[in-house]
Amino acid sequence: MNTIKEILKKFSEKNDLWNLTKIHGIECIQNYLKDNNNTESSNLKLDDFVFYKKNQSIIISPDSNNDDHFIIKTTYDLSLEIKTFRSGYYSLDVDQKGNIIDDWLYLDF
């Protein structure tokens, strides 16, 4: 019998979730930098951000009528090369079919 951890790992590998999350995280940061080019973060470049794998979790909604419905959240911690501490995070949620449901970019600097 497969454990939940084994099932999550296989699903993550099959859907390449770590890579998918990083690709979307990079795109999200690029959009942030473009949209905030006249703020204090305007000196930042994409190369200033470092991605560190944080975790993956499975979320099962108790309200769902479908027993197969779940969401996998994949999260990277983000830090800036100029700082030694976490500067934020990026998370991507996908459903049981591998479809992107939602994402978050949180920056703290």
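The values are calculated or read from the model by the stated rules, or taken from the named source; none is laboratory data. Fair warning: this is a prediction, and the values are worked out from it, not measured in the lab. All Cβ positions, even for glycine, are placed from backbone atoms using ideal geometry, and neighbour counts span all protein chains on display.
For the range 65-93, give me the residue count where each residue is at pLDDT below 90 and within 15 Å of the chain's Cα centre (by Cα). Quick ask: steps written out before the conclusion?
Our first condition is that a residue be at pLDDT below 90; within the range 65-93, this holds for 65-71, 80-87.
Going one step further and asking which of them are within 15 Å of the chain's Cα centre (by Cα), we end up with 71, 86-87.
Qualifying residue count, the range 65-93: 3.
Being under 23 Å from residue 4 (Cβ atoms), part of a helix (DSSP H, G or I) and modelled with pLDDT of 90 or more narrows it down to one of 19, 31, 55, so name that one.
On the way: 31 fails: under 23 Å from residue 4 (Cβ atoms); 55 fails: part of a helix (DSSP H, G or I).
On inspection, the qualifying residue turns out to be 19.
Could you please tell me which pairs satisfy a Cβ distance under 9 Å, a separation of 6+ or placement on different chains, a first residue in the range 1-27 that is farther than 15 Å from residue 52 by Cβ, and a second residue that is part of a helix (DSSP H, G or I) and of a type outside the set (A, V, I, L, M)?
2/10; 12/18; 17/11
Within the range 3-30, which residues are within 23 Å of residue 47 (Cα to Cα) and hydrophobic (A, V, I, L, M, F, W, C)?
17, 18, 20, 23, 26, 28, 29
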